[in-house]
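One structure is given here, and the rest of the page talks about it.
The values are calculated or read from the model by the stated rules, or taken from the named source; none is laboratory data. In this text the structure is predicted, and so the values were computed from the model without any measurement. Don't worry about glycine lacking a Cβ; one is built from the backbone with ideal geometry, like all the others, and counts go over all protein chains shown.
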Amino acid sequence: MAKAAAVQRSLHPHPVSHGSAVGQKRQSTVVEWNGHSHSKPPTVTHSIVHAIPGRMRFRVYRLRHDLDYAQRVQILLEADALISSVRIKPAAASLTVTYNKSKVCDEKIRTVVSHLLQAATEVVVLNPSKLESQTEKEKSWPGLKLSTVATALAVLGGPLGFPVPPIMVAGTIALATLPVVQRAWDGIRLERKLNIDFLDFIAIAITTVQGQFLTPSLMLGLIEIGESIRDRTARSSAQQTLDLLSSLGQFVWVERNGEKQQIPIEDVQRGDTVIVYPGEQVPVDGTVVRGKALLDEQKLTGESMPVLKKKGQTVYASTLVREGRIYILTERTGNDTCAGQSIKLIEQAPVHDTRMENYAAKIAQKAVVPTLLLGGIVFATTRNPARTASVLTLDFATGIRVSVPTTVLAALTYAARRGILIRSGRALEKLAEVDTIVFDKTGTLTKGEVNVVNVESLNPATSTLRVLELAGAAEQRLTHPVAEAVMRYVASQGINIPSRGKWNYQLGLGVEAEIDGQTVYVGSERFLRQQGILSIPSNNTDTSHQVHRSSAIYVASNGELQGKIEYKDILRPESQKIITALLTVEGVEVHMLTGDNRRVASAVAAELGIPPTHTHAEAFPEQKAAVVRKLHEQGKTVAFVGDGINDSPALAYADVSVSFANGSDVARETADLVLMQNDLHGLLEAIEIARQAKQLIQQNTGIIAIPNLAALVIAVLFGLNPLAATVVNNGSTVVAGVNGLRPILKEGVGRSHRVAEVPSVVASGVRE
């Protein structure tokens with residue numbers, strides 16, 4: 001305590017006026033001397049870059065390269081009663097604090113922050129979240145430990161004959177039973193029904209009163225094991241608050257009063273003129289007032305090709321400027337933007353039950369009252385509490401409560417070893433029931449990048465090799481996706497391209513370059529017509545566009561058309577096979593959703609065999625979510641597969657959401673199932689694993705029900721020792737539990753090479 005007080009004094013040189021607030025705001029924050037600071041540490045360099053009443057921004061360069069220091073600063077500032085909120089962005093070396101301007105002056109906040117920035121170099125701070133989780137664990141009832149102790153005491157005092165006081169064993173059992181009593185009482189008070197826990201409690205109470213200590217202690221052990229496994233297979237229902245700004249750049253260029261200045265992204269206001277340069281993401285929704293740029297909108301709209309935006313046109317946050325420079329009049333910022341609204345849709349999505357609800361558990365639940373009635377009849381008839389306890393012991397509840405979660409956990413572990421992260425037992429259950437799968441197109445069924453699919457010479461004197469040489473020479477070092485696709489194709493063909501002389505690139509049209517003494521034009525049909533190249537074949541007669549859903553650039557030199565290069569966003573290698581398998585083998589209804597135009601969407605759907613009625617084009621995020629909701633309302637169990645921000649609302653509303661490890665952060669965090677190998681084959685495997693798990697659960701129900709029913713008949717008609725009833729009940733539970741572990745007990749099952757990357761994935765994916 002003295003040490004902690006000393007540290008607090010070091011943080012606040014004026015404790016009387018300041019109130020020594022550290023530790024008052026968050027009791028769990030622990031601050032200690034580092035122990036290594038015998039000499040005075042170097043002063044932390046910082047400066048104020050922006051200040052308004054109630055809010056102050058500091059530049060602290062140490063934050064950028066010392067994440068431990070940044071964490072200590074965050075915790076110390078949050079623990080201070082004078083500071084309302086803290087936001088640190090290490091990449092920008094930025095620290096922002098807000099405070100109540102009516103209670104504290106600006107100068108005081110400067111002093112406090114300065115002292116805490118320095119103090120963070122001298123102390124060790126334990127993360128409150130970690131402390132809270134540790135405290136939570138410490139406060140959690142040690143039911144499994146108590147039941148183990150009770151079992152050990154019962155064995156010592158029973159079969160082994162040691163002089164163990166019965167009151168000690170009974171007391172331990174009573175303590176271990178408290179969670180069961182609590183759940184039983186909650187069922188009566190909140191759900192107005194007698195649940196499985198009530199049945200367990202009655203059986204435990206009767207056998208304990210009779211002195212049959214081994215029976216209740218074994219029951220308690222199995223109950224606690226089942227509860228522990230069920231909790232591990234549950235996904236937390238608390239959804240993290242997602243912030244669009246965190247995925248964008250830290251600073252933005254704006255034009256104010258005729259001058260350009262760089263400001264933090266959160267300081268951008270409506271009416272500001274924002275400047276966006278090549279390679280930067282658009283930070284706001286607004287209208288272009290000057291300039292033009294080629295924007296990649298794939299992340300937001302699903303449009304596979306970049307779009308040229310000019311003065312008067314609308315642009316959206318999170319889209320990427322590939323080429324050009326634009327000045328945008330800000331209309332919406334942050335989570336008010338189109339992309340931000342997508343995140344709000346996610347947060348408004350319903351939170352499903354985190355525990356696996358299945359037919360077996362429901363049957364067990366329905367058996368509670370009949371079992372109680374049967375036990376009452378046996379007691380009324382025989383006046384024998386032991387026979388009554390046997391009847392109550394021979395229930396399906398305990399076995400199901402252990403075997404079902406064990407099977408689920410084994411299936412999740414097995415899936416993880418195969419590179420498939422399934423986040424919860426509920427997701428596994430729904431996956432086994434899926435009858436409709438909705439795919440996003442761009443980046444999910446397709447690769448999400450432009451690829452050359454055909455090169456054709458349109459001049460008998462020019463070979464396709466020469467067409468590629470001219471195109472490669474003209475397009476080199478350009479950042480346009482088509483230029484990059486041409487260069488990849490040229491490299492794959494091993495073509496040596498000639499050098500390029502003077503060149504001029506026209507945004508959204510094409511490039512003019514001097515190559516081997518010739519003037520070469522490479523670009524769109526419109527571009528070449530502007531240059532007087534008039535022999536370009538009409539698109540109306542070019543059926544390849546319809547067949548291959550491809551677009552083309554043309555190559556001309558010395559005023560003559562030489563050839564064309566067709567390109568498109570090609571399908572993933574496995575897409576055709578996966579869709580065919582889903583439609584024919586699995587009997588699943590397949591839909592495709594995309595923000596791309598209808599012509600391209602229809603062509604892709606035709607290639608894959610998806611019916612036109614199941615193809616939804618030009619869909620924005622809210623429309624994607626609406627399609628999923630509509631299918632769900634029709635009684636279908638819907639899985640949605642997508643990887644972008646635009647897919648996130650649909651992912652949130654689906655019964656099962658599927659994304660890829662390389663998908664957007666928002667999509668990956670929203671998904672119930674993540675394909676770590678970025679391969680759609682994992683989806684078929686996941687469905688198979690889920691259906692096998694369901695079959696195992698059905699088998700386990702039989703393994704538990706048959707011996708328990710047989711023993712129940714014996715107990716009712718002839719009587720059965722409670723310990724024998726427990727052996728039958730627990731024995732069937734153990735057999736069912738082992739049967740549920742079959743997936744992970746298999747050896748040498750394919751794709752063992754995936755195991756290496758699983759442990760870290762499981763740790764972050766299965767929420768406890």
Please find, within region 50-63, the residue that is farthest from residue 119 (Cα to Cα) out of those that are in contact with a helix residue (DSSP H, G or I) (Cβ under 8 Å, 6 or more places away or on another chain) and surrounded by fewer than 16 Cβ atoms within 10 Å (Cβ to Cβ).
53
Expected output for region 584-601 (first residue more than 30 Å from residue 433 (Cα to Cα) and free of Cβ contacts under 8 Å to residues at least 60 places away in the same chain, partner of a type outside the set (D, E, K, R) and in a loop (DSSP other than H, G, I, E, B), Cβ below 9 Å, 6+ apart or cross-chain) is 598/617; 599/617
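Would you mind stating whether residue 326 is out of contact with any His (no Cβ under 6 Å at 6 or more places or on another chain), at pLDDT below 85 and outside any loop (DSSP other than H, G, I, E, B)?
Values: out of contact with any His (no Cβ under 6 Å at 6 or more places or on another chain): yes; at pLDDT below 85: no; outside any loop (DSSP other than H, G, I, E, B): yes.
Considered against the rule, which asks whether it is out of contact with any His (no Cβ under 6 Å at 6 or more places or on another chain), at pLDDT below 85 and outside any loop (DSSP other than H, G, I, E, B), residue 326 comes out as no.
Of everything in region 576-618 that's among the β-branched types (Val, Ile, Thr) and assigned to a helix (DSSP H, G or I), which residue is modelled with the lowest pLDDT? Step through it out loud before you land on a result.
At the first step, the residues of region 576-618 found to be among the β-branched types (Val, Ile, Thr) are 578-580, 584-585, 588, 590, 594, 600, 604, 610, 613, 615.
Those still in the list that are assigned to a helix (DSSP H, G or I) too: 578-580, 584, 600, 604, 613.
Details: 578: 91, 579: 93, 580: 91, 584: 86, 600: 83, 604: 90, 613: 92.
Only one residue fits best here, namely 600.
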With the requirement that a residue be touching a Lys or Arg at 6+ places or on another chain (Cβ under 9 Å) and either more than 19 Å from residue 599 (Cβ to Cβ) or at pLDDT 90 or above (or both), what does region 560-572 give you?
562, 563, 572
Taking the conditions exactly as written (outside the structural domain of residue 640 (by TED's automatic domain parsing), more than 19 Å from residue 572 (Cβ to Cβ), in contact with a Lys or Arg (Cβ under 8 Å, 6 or more places away or on another chain) and surrounded by 24 or more Cβ atoms within 10 Å (Cβ to Cβ)), does residue 474 satisfy them or not?
yes
What tally of residues in region 429-465 results from selecting those that are touching a Ser or Thr at 6+ places or on another chain (Cβ under 8 Å), of a type outside the set (Asp, Glu) and assigned to a helix (DSSP H, G or I)?
5
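Is it true that residue 307 is under 21 Å from residue 508 (Cα atoms), modelled with pLDDT of 70 or more, out of contact with any Lys or Arg (no Cβ under 8 Å at 6 or more places or on another chain) and surrounded by 21 or more Cβ atoms within 10 Å (Cβ to Cβ)? I'd like the intermediate steps shown before the answer.
Working: under 21 Å from residue 508 (Cα atoms): yes; modelled with pLDDT of 70 or more: yes; out of contact with any Lys or Arg (no Cβ under 8 Å at 6 or more places or on another chain): yes; surrounded by 21 or more Cβ atoms within 10 Å (Cβ to Cβ): no.
It is false that residue 307 is under 21 Å from residue 508 (Cα atoms), modelled with pLDDT of 70 or more, out of contact with any Lys or Arg (no Cβ under 8 Å at 6 or more places or on another chain) and surrounded by 21 or more Cβ atoms within 10 Å (Cβ to Cβ).
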Name the residues in region 644-660 that are under 22 Å from residue 449 (Cβ atoms), modelled with pLDDT of 80 or more and in contact with a helix residue (DSSP H, G or I) (Cβ under 7 Å, 6 or more places away or on another chain), would you?
658, 659
Could you go through region 638-648 and let me know if any residue there is in a helix (DSSP H, G or I), in contact with an Asp or Glu (Cβ under 6 Å, 6 or more places away or on another chain), of a type in the set (Asp, Glu) and crowded, with 22+ Cβ neighbours inside 10 Å.
yes
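Just to be sure I understand, how many residues within region 73-115 are of a type in the set (S, T, N, Q) and crowded, with 18+ Cβ neighbours inside 10 Å?
Of the residues in that region, 3 qualify.
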Read through the list (1) surrounded by fewer than 24 Cβ atoms within 10 Å (Cβ to Cβ); (2) under 18 Å from residue 195 (Cα atoms); (3) in contact with a helix residue (DSSP H, G or I) (Cβ under 7 Å, 6 or more places away or on another chain), then give the number of the only condition that residue 370 fails.
(3)
Selected residue (only one of 70, 21, 51, 81 is at pLDDT 50 or above and in a loop (DSSP other than H, G, I, E, B))
81
